[in-house]
Amino acid sequence: MKTKLLLFGIILLFLFTRFYKINEIPPSLYWDEASIGYNAYSILLTGKDEWGNSWPLHFKAFGEYKLPVYIYATAISEKIFGLNDFAVRIPAIFFSFIIVIFIYFLTLKITNNEFTALLGAFFLTISPWFFVFSRTGYEVTAGLAFFIVGLFYFLKSIKQGERYLLFSVLAFILSAYSHNGF
């Protein structure tokens, strides 16, 4: 019971620090966020990216190529919340929330120690790197979320059977299509 209460407190800390003034801090979208938001909106309206490519697996942007998972997640967010900063940034909060939860479960799986798992989730929540990327609309949160989920289910499949291996493979594939690297 105490562990669940502490995990709930960590989740509340995460949610408060990520949603607090999300439309104001940072004060506007960065170039990459704007590019993601624009491409997501274009996909939402036309099924094409800003270059006219239908349902691409790579989005050309500012001389680089972005992978599709975060952009398609942003398109869904823009459908729900409209075309605004919040809609571009909420997928990062969502993916980061998954990271915090699965870091807890992954650490618990590896160490079999609830206190260590709570510390892992807590220190991740207050990590400056994680804080910045979980409040801005970048692909790294999606890539890391799917990687952590894939790792958790891979370890789970070792002891509990092949049915979890499918989840692991799917998560690793989504991780590969989420970010170019960590």
Report yes if some residue within the range 142-150 is without any contact (Cβ under 8 Å) to a residue 40 or more places away in the chain, outside any helix (DSSP H, G or I) and of a type in the set (Gly, Ala, Ser); otherwise report no.
no
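Test Gly143 against the stated conditions and say whether it is farther than 14 Å from Ala73 by Cβ, of a type outside the set (A, V, I, L, M) and open to solvent by less than 10 Å² (accessible area, probe 1.4 Å).
no
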Filtering the range 73-92 down to residues that are in a helix (DSSP H, G or I) and surrounded by fewer than 19 Cβ atoms within 10 Å (Cβ to Cβ) yields Ile76, Lys79, Ile80, Phe81, Phe86
For the range 151-182, the count of residues that are within 27 Å of Arg89 (Cβ to Cβ), in contact with a Gly (Cβ under 7 Å, 6 or more places away or on another chain) and assigned to a helix (DSSP H, G or I) equals 3
Condition set under 13 Å from the mean Cα position of the chain (by Cα) and open to solvent by 80 Å² or more (accessible area, probe 1.4 Å), scope the range 148-182, selection modelled with the lowest pLDDT: answer is Phe182
Restricted to the range 99-117 and to residues being over 19 Å from Phe131 (Cβ atoms) and not polar (S, T, N, Q), the residue surrounded by the fewest Cβ atoms within 10 Å (Cβ to Cβ) is Phe115
Leu45: passes all of (1) over 30 Å from Phe154 (Cβ atoms); (2) buried (at least 19 other Cβ atoms within 10 Å of the Cβ); (3) at pLDDT 95 or above but (2)
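Can you name every residue in the range 111-141 that is outside any helix (DSSP H, G or I) and within 25 Å of Phe16 (Cβ to Cβ)?
Step one: list which residues in the range 111-141 are outside any helix (DSSP H, G or I), which gives 112-113, 127, 135-139.
Listed by number, the residues that qualify are Ser127, Arg135, Thr136, Gly137, Tyr138, Glu139.
The values are calculated or read from the model by the stated rules, or taken from the named source; none is laboratory data. Since we're looking at a predicted model, the values are computed, not measured. With ideal geometry, Cβ positions are generated from the backbone for all residues, glycine too; neighbour counts draw on all protein chains shown. SASA here: full protein model, heavy atoms, side chains in, ligands and nucleic acids out. Shrake-Rupley method; radii C 1.70, N 1.55, O 1.52, S 1.80 Å.
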